[in-house]
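Quick notes on the structure that follows.
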């Protein structure tokens, strides 16, 4: 079991944030194996020694990238919750958020999926962080489903729609996956709405 969590134990410095931004973009564009500290330093406008001082190992840097991704995703879910009066609308808004992500020019896929695919087999800690991220997303959607009067297993299906859309958006290079997943979520919730009113 990993001792590293998705929540950083301390706040990041300006240099660390610049390194994370650069590494995140380079990992997404080229994969991890071909990215060096010098590449990250160039993208961040720093000296390679600054990168090493911020994150002594590539593993440390990968963890920091995943922690930032998780924080961004969590903040998006919290914002959606604050903006949604109906929990069913909240579910659909998750897929609207994904569509905006997929439509961005710099979208190269979810870091959790990409980095797990590249490192998950040889780095159990990275694999566990990816699993923990998915678990936390499912826990959040389970709470939303509970408020909507939907059974917990609906949340499990919603997570599959989210993760499937993330993968398909990269393969197809299109935000259509989010729209299709949103339709699937709406149909699923409509079925349970019909059962409850019957």
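The values are calculated or read from the model by the stated rules, or taken from the named source; none is laboratory data. This one's a predicted model, so the numbers in the text were calculated from it and none came from an experiment. Cβ atoms come from the backbone with ideal geometry, glycine included; neighbour counts cover every protein chain shown.
Could you list, in sequence order, the residues of region 7-22 that are surrounded by 20 or more Cβ atoms within 10 Å (Cβ to Cβ) and within 20 Å of residue 74 (Cβ to Cβ)?
Of the residues in region 7-22, the ones surrounded by 20 or more Cβ atoms within 10 Å (Cβ to Cβ) are 16, 18-20, 22.
Within region 7-22, 16, 20 meet the criteria.
Spot the failing condition for residue 160; the list is (1) surrounded by 17 or more Cβ atoms within 10 Å (Cβ to Cβ); (2) assigned to a helix (DSSP H, G or I), and only one is missed.
Among (1) surrounded by 17 or more Cβ atoms within 10 Å (Cβ to Cβ); (2) assigned to a helix (DSSP H, G or I), the lone unmet condition for residue 160 is (1).
Only one of 46, 26 is part of a loop (DSSP other than H, G, I, E, B), modelled with pLDDT of 95 or more and either touching a helix residue (DSSP H, G or I) at 6+ places or on another chain (Cβ under 8 Å) or more than 21 Å from residue 110 (Cα to Cα) (or both). Can you tell me which?
Sole residue among the options that is part of a loop (DSSP other than H, G, I, E, B), modelled with pLDDT of 95 or more and either touching a helix residue (DSSP H, G or I) at 6+ places or on another chain (Cβ under 8 Å) or more than 21 Å from residue 110 (Cα to Cα) (or both): 46.
Just one of 135, 166, 182 is part of a helix (DSSP H, G or I), within 18 Å of the chain's Cα centre (by Cα) and either surrounded by fewer than 18 Cβ atoms within 10 Å (Cβ to Cβ) or at pLDDT below 95 (or both); which is it?
135
Tell me, please, whether a residue that is within 19 Å of the chain's Cα centre (by Cα), touching a residue at least 60 places away in the same chain (Cβ under 8 Å) and surrounded by fewer than 20 Cβ atoms within 10 Å (Cβ to Cβ) can be found in region 84-91.
no
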